[in-house]
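Novice: Please see the structure below; I have some questions.
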Amino acid sequence: MADKPLRSQRSYGKLDRDGFIHRSWIKGTGLPDHVFDGRPIIGICNTWSELVTCQFHLRDLAEYVKRGVWEAGGVPIEFPAMSLPETQMRPTAMLFRNLLAMEVEESIRANPIDGVVLLGGCDKTTPGQLMGAASVDLPTMVVSSGPMLNGKWHGRDIGSGTDVWRFSEAVRAGEMTLKDFLSAEASMSRSHGTCNTMGTASTMASLMEALGVCLPNNAALPGVDSRRKTLAHLTGNRIVELVRKDVRLSQILTREAFENAILMHAAIGGSTNAVVHLLALAGRVGVPLTLEDFDRLGREVPLLVDLMPSGRFLMEDFCYAGGCPAVAKQLGELFRRDAVTVAGLTQGEIADAAEVWNAEVIGSPDHPIGPASGVWVLRGNLCPGGAILKPSAASPELLTHRGRAVVFEDIEDYHARIDSPDLEVDATSVLVLKGCGPRGYPGMPEVGNMALPPKLLREGVRDMVRISDARMSGTAYGTVVLHVSPESEAGGPLALVRSGDEIALDGPARTLELLMDEAELAQRRSAWEASRQPSRFDRGWYRLYIDTVLQADQGADLDFLVGKSSADVTRESH
Ligand code: FES
């Protein structure tokens, strides 16, 4: 029996007509009388789908969570949530992150559930599910899909996404045949699980450990590793205990937990997408968090993990080297060791129990993999709301750069002209892409790492400064300024840039400037306002999203979703 009256008893514990209805219809799934005697009802929110290899195995994994829940005296009930396959959805899975969050929030809140286990993995599922759950604030735990096995091709390891970008550039430069290119497809993704690089999915799974909302080693255990099933089982055990002790998500997702997430993000050289997701999550639980927190906290942290896209290894190697607990150990006193986790241990206790098994994969403060590599937050007249840059993925010589803009008004304009031999561009140019922010695309796609013009690739150019209001894949690299805020569609200065304008990036000084006087900018703004067209999206989710989405520096959540709805049980349905 539970220590305190459970939320689910407001439905299943009633000995009247309403209780009859709640119990009778769910008994149709085969549940016996005794499960309604006050045992915790654990919702297993599953984003399983055949559309996404990243979550293809989650129905299987859910069975292990259920074992653990039954064993601990709870009652598991699995329910679906949309799957958000990163590589399949158009125009971008990010357009639907907030929709998933709404679905999860209302599914939990509307049903007789006392605690939740979130099963997800692909990039937007982890933040979307956790954002929704955070707004309800029940005891909650995360079990991630786990990464794919290392890609193996032509005798070497290849990484999800990262080697797609590399190979694609090699084909465009005439250095790789199309036959070889296509032969790598099956070799790159050779098991279910999430991308095997430290892309967005692995980054978010790692941040789940740093936030303390999952059991240790959740991030790195491969999707096919039997120990992931054990972790799922133990999560089932643990969530029942959390319900009995009424340990809610808001007790875990503290300011300290977010600081740990930022520190871990810097140490692993994590995906830039995590910035948007953490800001949105913090907004749900009311923890003050700003872009500057990423830059300030990240400055203290050397790169401790040698994983693609910034480094050499893949997630399987990271697992065998010790995973996130080993990184936390190496962070030492920087890590907020007193932060509590759903495991019932503090972060310090988890770190103390960890070991680094391969110093090539996980470095130390004395022998780091690279210099401080947290996200840089840029300010200036081109990005008054901020923009970000991942220095570990950039070319050091381009981090301070001045060049003439080559502007693309939208992604179609970019595709139409980038391959043209007549494009007026050289290695010092700055590629500028507009119309790819939350409202503009809509959904803020991962197109910020624009492929370079073939004529420059053939000359041996491998990186250029690129600026946009888009995101980029966590598996990508380059000197890429992202998340320019406000976006061009919202009237940010990015909308006013024209080809030939001079732009100055000073990464170490954290500035991004359009070298133009205020009078010229004002005149361009008037012309831009006069030429605005009404949005072509006039119905459904697109309409709601465009009308209410916040800018990237606020996490791109919908304005009316910030904060909590609570776990209150609402009025009866009959
Ligand atoms: Fe799902 Fe990369 S496509 S994790």
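The values are calculated or read from the model by the stated rules, or taken from the named source; none is laboratory data. Computed from a prediction, not measured in an experiment: that's the story for all the values here. Glycine gets a Cβ as well: all are built from the backbone with ideal geometry, and neighbour counts include every protein chain shown.
Novice: From the residues in region 258-275 that are in contact with a strand residue (DSSP E or B) (Cβ under 7 Å, 6 or more places away or on another chain) and over 19 Å from P325 (Cβ atoms), which one is surrounded by the most Cβ atoms within 10 Å (Cβ to Cβ)?
Specialist: My answer is V275.
Novice: Looking at G128, G146, which one is within 21 Å of G283 (Cα to Cα) and within 15 Å of the chain's Cα centre (by Cα)? Break it down into steps so the answer makes sense when it comes.
Specialist: Values: G146 fails: within 21 Å of G283 (Cα to Cα).
Just one listed residue meets the conditions, G128.
Novice: Here is a further query. Please go through region 21-76 and give me each residue that is within 16 Å of the ligand (Cβ to nearest atom), farther than 30 Å from H574 by Cβ and in contact with an Asp or Glu (Cβ under 8 Å, 6 or more places away or on another chain), ordered by number.
Specialist: V52, C54, F56
Novice: Report, by residue number, each residue of region 481-530 that is in a strand (DSSP E or B) and in contact with a helix residue (DSSP H, G or I) (Cβ under 7 Å, 6 or more places away or on another chain). Full working, then the answer.
Specialist: Step one: of region 481-530, the residues in a strand (DSSP E or B) are 481-485, 502-506, 511-514.
Hits for region 481-530 are H483, V484, S485, L514.
Novice: Taking A280 as meeting all but one of (1) in a helix (DSSP H, G or I); (2) surrounded by fewer than 24 Cβ atoms within 10 Å (Cβ to Cβ); (3) of a type in the set (G, A, S), write down the number of the exception.
Specialist: Of the numbered conditions (1) in a helix (DSSP H, G or I); (2) surrounded by fewer than 24 Cβ atoms within 10 Å (Cβ to Cβ); (3) of a type in the set (G, A, S), the odd one out for A280 is (2).
Novice: Further question on the same structure: Kindly list, by first and then second residue, each pair from a residue in region 85-105 that is touching a residue at least 12 places away in the same chain (Cβ under 8 Å) and within 12 Å of L130 (Cα to Cα) to a residue that is within 14 Å of the ligand (Cβ to nearest atom) and basic (K, R), limited to pairs with Cβ atoms under 9 Å and residues at least 6 apart or on different chains.
Specialist: That search, which allows pairs on different chains as well, returns R97/K124; L100/K124.
Novice: Can I ask one more? Identify the single condition in (1) under 14 Å from L118 (Cα atoms); (2) without any contact (Cβ under 8 Å) to a residue 12 or more places away in the chain; (3) polar (S, T, N, Q) that S24 does not satisfy, given that it satisfies every other one.
Specialist: Going through the list (1) under 14 Å from L118 (Cα atoms); (2) without any contact (Cβ under 8 Å) to a residue 12 or more places away in the chain; (3) polar (S, T, N, Q), S24 breaks only (1).
Novice: Taking the criterion of being closer than 22 Å to A62 by Cβ, more than 14 Å from the ligand (Cβ to nearest atom), in contact with an Asp or Glu (Cβ under 7 Å, 6 or more places away or on another chain) and among the charged types (D, E, K, R), would at least one residue in region 234-245 satisfy it?
Specialist: yes
Novice: For region 541-549, check the following and say yes or no: at least one residue is surrounded by fewer than 10 Cβ atoms within 10 Å (Cβ to Cβ), in a helix (DSSP H, G or I) and either at pLDDT 95 or above or in contact with a Gly (Cβ under 6 Å, 6 or more places away or on another chain) (or both). Outline the logic, then answer.
Specialist: Of the residues in region 541-549, the ones surrounded by fewer than 10 Cβ atoms within 10 Å (Cβ to Cβ) are none.
No; the residues of region 541-549 include none that is surrounded by fewer than 10 Cβ atoms within 10 Å (Cβ to Cβ), in a helix (DSSP H, G or I) and either at pLDDT 95 or above or in contact with a Gly (Cβ under 6 Å, 6 or more places away or on another chain) (or both).
Novice: On to the next question. Looking at region 124-162, which of its residues are within 16 Å of the ligand (Cβ to nearest atom), over 18 Å from V243 (Cβ atoms) and either hydrophobic (A, V, I, L, M, F, W, C) or free of Cβ contacts under 8 Å to residues at least 24 places away in the same chain (or both)?
Specialist: Within region 124-162, M148, L149, I158 meet the criteria.
Residue by residue, here is whether (1) surrounded by fewer than 18 Cβ atoms within 10 Å (Cβ to Cβ); (2) modelled with pLDDT of 90 or more; (3) farther than 28 Å from D60 by Cβ holds:
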position	(1), (2), (3)
K152	yes, yes, no
I158	no, yes, no
V164	no, yes, no
L178	yes, yes, yes
F181	yes, yes, yes
S189	no, yes, no
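Novice: While we're looking at this one, here's another question. Could you tell me which of the residues D317, D293 is touching a strand residue (DSSP E or B) at 6+ places or on another chain (Cβ under 8 Å) and surrounded by fewer than 24 Cβ atoms within 10 Å (Cβ to Cβ)? Write out each step before concluding.
Specialist: Values: D293 fails: touching a strand residue (DSSP E or B) at 6+ places or on another chain (Cβ under 8 Å).
Of D317, D293, the one residue that is touching a strand residue (DSSP E or B) at 6+ places or on another chain (Cβ under 8 Å) and surrounded by fewer than 24 Cβ atoms within 10 Å (Cβ to Cβ) is D317.
Novice: Inside region 122-153, can you point out the residues that are farther than 19 Å from L279 by Cα and among the small types (G, A, S)?
Specialist: Keep residues of region 122-153 that are farther than 19 Å from L279 by Cα, which gives 138-141, 143-153.
Once the filter is applied, which keeps residues that are farther than 19 Å from L279 by Cα and among the small types (G, A, S), region 122-153 yields S144, S145, G146, G151.
Novice: Take the residues of region 77-89 that are in contact with a strand residue (DSSP E or B) (Cβ under 8 Å, 6 or more places away or on another chain) and not β-branched (V, I, T): which is nearest to the ligand (Cβ to nearest atom)?
Specialist: Residues of region 77-89 in contact with a strand residue (DSSP E or B) (Cβ under 8 Å, 6 or more places away or on another chain): 77-81.
When the remaining residues are screened for being not β-branched (V, I, T), the result is 78-81.
Working: E78: 21, F79: 21, P80: 17, A81: 15 Å.
The residue in question is A81.
Novice: Of the residues that sit in region 94-123 and are touching a Pro at 6+ places or on another chain (Cβ under 7 Å) and outside any strand (DSSP E or B), which one is farthest from the ligand (Cβ to nearest atom)? Please lay out each step first, then the result.
Specialist: Our first condition is that a residue be touching a Pro at 6+ places or on another chain (Cβ under 7 Å); within region 94-123, this holds for 94-95, 97, 114-115, 122.
Next cut, outside any strand (DSSP E or B) only: 94-95, 97, 114, 122.
Values: M94: 12, L95: 15, R97: 13, D114: 30, C122: 3 Å.
Here the residue is D114.
Novice: Return yes or no: is I388 touching a strand residue (DSSP E or B) at 6+ places or on another chain (Cβ under 6 Å) and either surrounded by 18 or more Cβ atoms within 10 Å (Cβ to Cβ) or more than 14 Å from T479 (Cβ to Cβ) (or both)? Reasoning before the result, please.
Specialist: Details: touching a strand residue (DSSP E or B) at 6+ places or on another chain (Cβ under 6 Å): yes; either surrounded by 18 or more Cβ atoms within 10 Å (Cβ to Cβ) or more than 14 Å from T479 (Cβ to Cβ) (or both): yes.
Taking the combined requirement at face value, the residue satisfies it.
Novice: Okay, moving on. Can you give me the ranges of the strands (runs of 3 or more DSSP E) entirely in region 128-187 with at least 2 residues that are in contact with a Cys (Cβ under 9 Å, 6 or more places away or on another chain)?
Specialist: Details: elements: 140-144, 151-153, 156-158.
Output list reads 140-144.
Novice: Which of the residues belonging to region 451-501 are among the charged types (D, E, K, R) and surrounded by 23 or more Cβ atoms within 10 Å (Cβ to Cβ)? Walk me through it before giving the result.
Specialist: Of all residues in region 451-501, those among the charged types (D, E, K, R) come to 455, 458-459, 462-463, 466, 469, 471, 487, 489, 498, 501.
Listed by number, the residues that qualify are R466, D469, R471, E487.
Novice: While we're on this one: Kindly indicate the residue of region 472-488 that is closer than 9 Å to G448 by Cα and over 16 Å from the mean Cα position of the chain (by Cα) and also nearest to the ligand (Cβ to nearest atom) among those meeting that condition.
Specialist: If we filter region 472-488 for residues that are closer than 9 Å to G448 by Cα, which is where we start, we get 472-473, 480-483.
Now narrow it down to the ones that are over 16 Å from the mean Cα position of the chain (by Cα): 480-481.
Working: V480: 18, V481: 23 Å.
Checking each candidate, the answer is V480.
Novice: Taking the residues in region 163-199 that are within 11 Å of the ligand (Cβ to nearest atom) and of a type in the set (S, T, N, Q) as candidates, determine which candidate is farthest from R458 (Cα to Cα).
Specialist: Among those that are within 11 Å of the ligand (Cβ to nearest atom) and of a type in the set (S, T, N, Q), it is T194.
Novice: Tell me, please, whether a residue that is within 16 Å of the chain's Cα centre (by Cα), within 16 Å of the ligand (Cβ to nearest atom), at pLDDT 95 or above and outside any helix (DSSP H, G or I) can be found in region 200-219.
Specialist: Scanning region 200-219, I find at least one residue that is within 16 Å of the chain's Cα centre (by Cα), within 16 Å of the ligand (Cβ to nearest atom), at pLDDT 95 or above and outside any helix (DSSP H, G or I), so the answer is yes.
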